[in-house]
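Take a look at the structure set out below.
The values are calculated or read from the model by the stated rules, or taken from the named source; none is laboratory data. Model, not experiment: these values are computed from the prediction. Cβ placement follows ideal geometry from the backbone for every residue including glycine, while neighbour counts extend to all protein chains displayed. Quick note on the areas: whole protein, heavy atoms, side chains included, nothing else; ligands and nucleic acids left out. Shrake-Rupley method; radii C 1.70, N 1.55, O 1.52, S 1.80 Å.
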Amino acid sequence: MEHRRDRAGVAPEIVAPANVLIVDDVPQNLLALEAVLRDEQVNILTAASGAEALELLLRHEVAVAILDVHMPEMSGFALAELMRASPRTAGIPIIFLTASPRNAVHAFRGYDAGAVDFLHKPIEAQIIQGKVQVFVQLHRQRQLLALRAERLEQVLSLNETMLAVITHDLRTPLSAVSLCGDALVRLPGESRSHVIGQRIQRSTRRMSRMIDQLLDFTRIRSGVMRIEPRPADLGAVARQVIDEVRQAHPEQAIHVAENGDLGGTFDPDRLGQVLSNLVGNAAQHAGGDEVQVLLDGCAADRLSVEVINRGRIDDDLLSRLFEPFKGVLHASSGLGLGLYIVDQFVRAHRGTTSARSEDGRVRLSLDIPRHVQGELPTG
C-alpha cells in the first residue's frame, strides 16, 4: 500500500497496488513475465487459460492485461473480444504477445480486438516494463482521483449538514432579538429607542431571510426538498407576496399587471418564495423607480412572470446570475442565494428562468407549465 498525504499533511490516502493480469498457457512464460514485472506498486495475477483469466477479471480490478495470442481452447483474440463485450472489462488496456513471425494482418486483428500494443517474442525486459508502468501509473492516478472525489463528497455533505444545523439553531436567538426590536418600537413617542428598534427590526428581517435561504440551499443540495403541486391562482399568490414586500419597503412603488387566466396546478408556497425573492430583489435595487410585475396566463398551457426594475446587470455577472454565492463576483448585501433558489424552484416545476438588461432596465422572467403533476424533487 502507498500512503499519500495532501498539502495539509492530514488524512492519508491509501492507494492499493495495481493488478496486472498475465495470460499464457506456458508456465515458464508466466514465471518469466512475473519476474520481469514484479514491483512494489504491482500485484501480478496469472492465468493459464482464457477461462481462468475471465474468473480473475470477475474478482479483480485490472490495470493492464498481457495476453498470449496462441492458446488452446480460447485464443488471446477471443479473450480480448469477450473483455471488450463486458462493461466491467471493456476499458482494460490489452497488450498482445506472440511468438509468430511478424505479420501485418495478425497485428491488425490484434488492434481490432482492442489492443493498445502488439509485441513479438522474445521481448526485451525494459520494453515490457516501460509499457506496463505507463498503464499502472494511469490506473493509480485514476484510483487517487476517485479517492479524493469521494473524500470531497463526504466533506461537502458534512459541511451542508452542519450548515443546516447551525442555521436552524440561529432562529431562537434571532427571535429574541426581533422581540426586543418590537418592544423598542412600541415605546411611546419618537425617542431614539424607537429608531433603534426599527433598525433592529430591519436587521432581523434581513437575517431571517438569509437563514431561510441557507436552509433552502442545504435542502436543495441534499435532495430532500420537494414541491407539492395543487390547484392555485398565481395572481392571488403574487398579490400576497407584493403586500409583504410593500410592508418591508413602504417607500417603493410596485405596479402589478395581470393578463389572462392565472389558475393552474403548482406549488403556491414555493412559487411564493420565488416571487418574494424576485420582487424583493427588484425593490432593493430599483433606486426609487417603480417596480413592475407582469403576470401572464394568456397561453393555454403556460404561466409566466416578468419582474422589471431600473438598473443594469454587468455582462460578466449576467451569465452566472442564477449560480449560488455570487458575492465573489458581485458586491451584494446578501448571500447571493436568492436567484439560485428561484432557478431551482422553477426548474422543479419543469420551467425556465432568464435575465436580461436593456434600455436601463433589468428584466427577470420565469415560465412554468400551467399544470405540474405529482411531487417533484428540487435540485
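Of note:
- Pairs are defined by a Cβ separation below 9 Å, a sequence spacing of at least 6 or placement on different chains, a first member in the range 291-304 that is in contact (Cβ under 8 Å) with a residue 60 or more places away in the chain, and a second member that is surrounded by 19 or more Cβ atoms within 10 Å (Cβ to Cβ) and among the polar types (S, T, N, Q); the pairs so defined are L295/S304; G297/S304.
- For the range 359-375, the set of residues classified as at pLDDT 85 or above, open to solvent by 20 Å² or more (accessible area, probe 1.4 Å) and in a loop (DSSP other than H, G, I, E, B) consists of D359, G360, listed by residue number.
- Restricting the range 1-43 to residues that are open to solvent by less than 20 Å² (accessible area, probe 1.4 Å) and of a type outside the set (A, V, I, L, M), the residue that is modelled with the lowest pLDDT: E13
- The range 82-114, subset closer than 24 Å to V26 by Cβ and polar (S, T, N, Q), residue modelled with the highest pLDDT: T89
- Residue list for the range 210-236, restricted to those being in a helix (DSSP H, G or I), open to solvent by 20 Å² or more (accessible area, probe 1.4 Å) and at pLDDT 90 or above: A236
- Extreme residue, farthest from L21 (Cα to Cα), among residues of the range 64-73 that are in contact with a helix residue (DSSP H, G or I) (Cβ under 9 Å, 6 or more places away or on another chain) and surrounded by fewer than 18 Cβ atoms within 10 Å (Cβ to Cβ): E73
- Boolean, R356 is loosely packed, with under 13 Cβ neighbours inside 10 Å, part of a strand (DSSP E or B) and modelled with pLDDT of 80 or more: yes
- Residue under evaluation A300, criteria (1) open to solvent by 40 Å² or more (accessible area, probe 1.4 Å); (2) within 28 Å of P250 (Cβ to Cβ), criterion not met: (2)
- Conditions (1) under 29 Å from D233 (Cβ atoms); (2) among the aliphatic types (A, V, I, L, M); (3) at pLDDT below 85; (4) in contact with a helix residue (DSSP H, G or I) (Cβ under 7 Å, 6 or more places away or on another chain): number failed by L278: (3)
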